[in-house]
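J.: One structure follows; several queries about it will come next.
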């Protein structure tokens, strides 16, 4: 009986090439994983930094200052603002701000059913895109916005999210933040703003370059009145507890 055929060994050069290829692949995967981890840590530190440090400017502010050769932006702590301002803005922009985790899925579903994105973007999402991203529309930007939103919600308290939004939101061409907007439209400090005027400012937010808080149409005035009523409702039903200073009178 003939002995079984011996296994044919691979040539030494072929084995060496395969071993080299596996080592290169493993090295590339390690470098890729470390790079992803480094980017993630940098982003976490970047987002965490602005929990405690007030942003000096945003990409949109810079582009507007270049376009207009001027910029009106003054930071104001949320504790120094009239409480009417955060109440009115949340009532107008994101009534469930205290209840969601950065994404209002009910609003998203409603917007999809209506065939529009109106009302689907939360305040947290707007902070993500206004503070950390560039102006414009693309799927890449939308994906990054979602990632930054998750991090903001994880690392910042709700009161800080709203504070940053109220300071970097655009209220007119080259006018950013409620402090500058209050001076621009009403000639007074944001610490003294009445609920009716705060509602007018909130009305401007979706379209700051086409709406004017001191020159509202009849329809816009009715909408501002509805915002003021909504702001009072938020205070009464507890949906403002995550950002109102409950120790204040």
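Table: residues versus (1) more than 18 Å from the chain's Cα centre (by Cα); (2) buried (at least 16 other Cβ atoms within 10 Å of the Cβ); (3) free of Cβ contacts under 8 Å to residues at least 24 places away in the same chain.
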residue: 168; (1), (2), (3): no, yes, no
residue: 193; (1), (2), (3): yes, yes, no
residue: 233; (1), (2), (3): yes, no, no
residue: 242; (1), (2), (3): no, no, no
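J.: Here is a follow-up. For the subset of segment 73-98 comprising residues that are within 16 Å of the chain's Cα centre (by Cα) and in a loop (DSSP other than H, G, I, E, B), which member is farthest from residue 148 (Cα to Cα)?
T.: Going through the qualifying residues, I end up with 95.
J.: Scanning segment 65-101 for residues that are over 27 Å from residue 230 (Cα atoms) and out of contact with any strand residue (DSSP E or B) (no Cβ under 8 Å at 6 or more places or on another chain), which turns out surrounded by the most Cβ atoms within 10 Å (Cβ to Cβ)?
T.: 65
J.: Taking the residues in segment 33-72 that are more than 18 Å from the chain's Cα centre (by Cα) and assigned to a loop (DSSP other than H, G, I, E, B) as candidates, determine which candidate is farthest from residue 167 (Cα to Cα).
T.: 69
J.: I need a count of the residues in segment 211-224 that are surrounded by 14 or more Cβ atoms within 10 Å (Cβ to Cβ) and touching a residue at least 24 places away in the same chain (Cβ under 8 Å).
T.: Within segment 211-224, residues that are surrounded by 14 or more Cβ atoms within 10 Å (Cβ to Cβ) and touching a residue at least 24 places away in the same chain (Cβ under 8 Å) number 3.
Values quoted throughout were computed directly from the atomic coordinates according to the rules given, and no laboratory measurement underlies them. Values in this document were obtained by computation on a predicted structure and should not be read as measured data. Here the Cβ is made from the backbone with ideal geometry for all residues, glycine too, and neighbour counts use every protein chain on show.
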